[in-house]
Amino acid sequence: MAPDDSPPAADLDVVIVSYESSHLIGACLDSIEGARGGLDLTVTVADNASTDGTVALVRGRGDRTRVVEMGRNAGFATANNRAIAAGAARHVLVLNPDTVVTTGALETLVAFADAHPAAGVVAPRLLNTDGSPQLTARAFPTPAAAVFGRRSPVTRWFPHNRWSSRFLVERDHLSAEPFTVDWVSGAAMLVPRSVIESVGAFDEDFFLFWEDADWCRRISRAGHEVWCVPEAVVVHDEGGTRAHGWTPRTIRHFHTGAYRYWAKHHAPQPWNPLRVGAAGLLGARAAALTVTTSIHSQLERTGR
C-alpha cells in the first residue's frame, strides 16, 4: 500500500454562526487569534443573511477566516452544520459571536480532549461579563426546570434552594477541577470530529435554543462523556446577539425548542397524549411571557 502523503489534519475548526453580529464578532475573532497559541486552527463563520454588514466586516479583516453565506436565516443548528461540514480538523469548537476566548483556553480544551478519548464534549467555564459564573453546565432539563431553571424567578429569588441546585450542577464545581455533567451550553463547546461522524451533528429540527441539550443527550447515549474544564475560560455576553432582550419571536423559538426536546426524548410516540399537555403548558407559558415582555417594553418606552 502506498504511503499516505496527505498533510495531518488541523487541530481545531472554530465555527461561529452570525446573525446581525457586526457589533460583537470582531472582538470574538480577535480573541480567537490571541488564544491560538501553538494550535493549527481554522475559523469558519456561517452567516444567516445578516443585514448589518457582518459579512463585509469579517471579510475585510483580511485573515483566513472562511465565510459561509446561508442566504437566509436558517437557524443556529443548520448554519452550524454547514460550517462544521466545511472543515476537516480533529476537533470542532462551536462558538457564539458574543464570546471572548481567554488566553490558553483553546489549547486547554484540545489537550483535554486528546487526553480523554471517552470525552464526547469538552466545554470551558462560561463567565458573564462581570466575571461571575454563568452556570451553564447543568443536569438534563426536566419539566421542573421551568420553575427551577437558571433564569426562573424562583432561582433568582431563592438561588440556593435544593431543587434549583440539583439542576445547576456547576454550583458544586466552582474549583478548577474538570467535572462531568449532562449538558453544556452551545455558546462554547468542543466536540471531536470522530464523535460528530458517528453520532451526527446538530438536529436541524431545532431552529434556536435546546439544540445543545439534544446534542449532549445524543452524544451521552452513544457512550461518550460530557465534560466542563474550568481552567479554560470563555466570557459570554449572553444575549448580546439579541440586544439582551426577548422578542415574541425568540420566546416562540425558545418554547418550540423546549417542546421538540421534551417530545423527542420523553414522549417519542406521536400518539402519546402527554405531548398535548406539554404543548398546552408551553404554549400558555410562551403567551404569558410575550404579554409580560410587551407590557414591560411599553412601560420602558413611556418612561414609567
Within the accessible area of the stretch 21-74 (1.4 Å probe), percent carbon and sulfur: 48 percent
Where the chain is the region considered: accessible area per residue in Å², 1.4 Å probe: 48 Å²
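Defining a contact as two alpha carbons under 8 Å apart and six or more residues distant in sequence, what relative contact order in percent does the stretch 45-152 show? If you can, show how the numbers build up before the last one.
Working: 62 pairs, mean separation 17.9, N = 108.
For the stretch 45-152, the relative contact order is 17 percent.
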Amide H contacts under 5 Å for Thr136, placed H, 5+ residues apart: Leu126
Vicinal HN-Hα couplings computed from phi for the stretch 112-124 (Karplus, 6.51 cos²θ - 1.76 cosθ + 1.60; Hz; Gly/Pro x): 5, 4, 5, 7, 10, x, 7, 6, x, 9, 10, 10, x
Options [x] 19.6, 77; [y] 19.9, 70; [z] 22.8, 76 - which one matches Rg and Dmax of the Cα atoms in Å as calculated here: [x]
Between 0 and 90°, nearest 10: helix 76-85 axis offset from the chain longest Cα axis: 10 degrees
Fraction of beta bridges assigned by DSSP in the chain that are antiparallel (%, nearest 5): 35 percent
Relative contact order [Cα under 8 Å, 6+ residues apart], the chain, whole percent: 20 percent
Phi to ³J(HN,Hα) by Karplus 6.51 cos²θ - 1.76 cosθ + 1.60 over the stretch 213-222, Hz, x for Gly, Pro: 4, 4, 5, 4, 5, 5, 5, 5, 5, 7
Packing-based order for 216-227, 272-283, 179-190, using average beta carbon neighbours within 10 Å, highest first: 179-190, 216-227, 272-283
Anisotropy class of the stretch 197-277 from Cα gyration tensor, a/c 1.5 cut: oblate
On Cα atoms only, tilt of 25-34 relative to the major axis of the chain in degrees: 40 degrees
Along each principal axis, Cα extent of the stretch 6-80, largest first, Å: 36, 24, 18
Alpha-carbon centroid distance for the pair the stretch 170-212 / the stretch 235-294, whole angstrom: 19 Å
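The values are calculated or read from the model by the stated rules, or taken from the named source; none is laboratory data. All of these numbers come straight from a predicted model, not from anything done at the bench. Ideal geometry is used to build each Cβ from the backbone, glycine not excepted, and the neighbour counts take in all protein chains shown. For accessibility, only protein heavy atoms count, side chains too; no ligands or nucleic acids. Shrake-Rupley method; radii C 1.70, N 1.55, O 1.52, S 1.80 Å.
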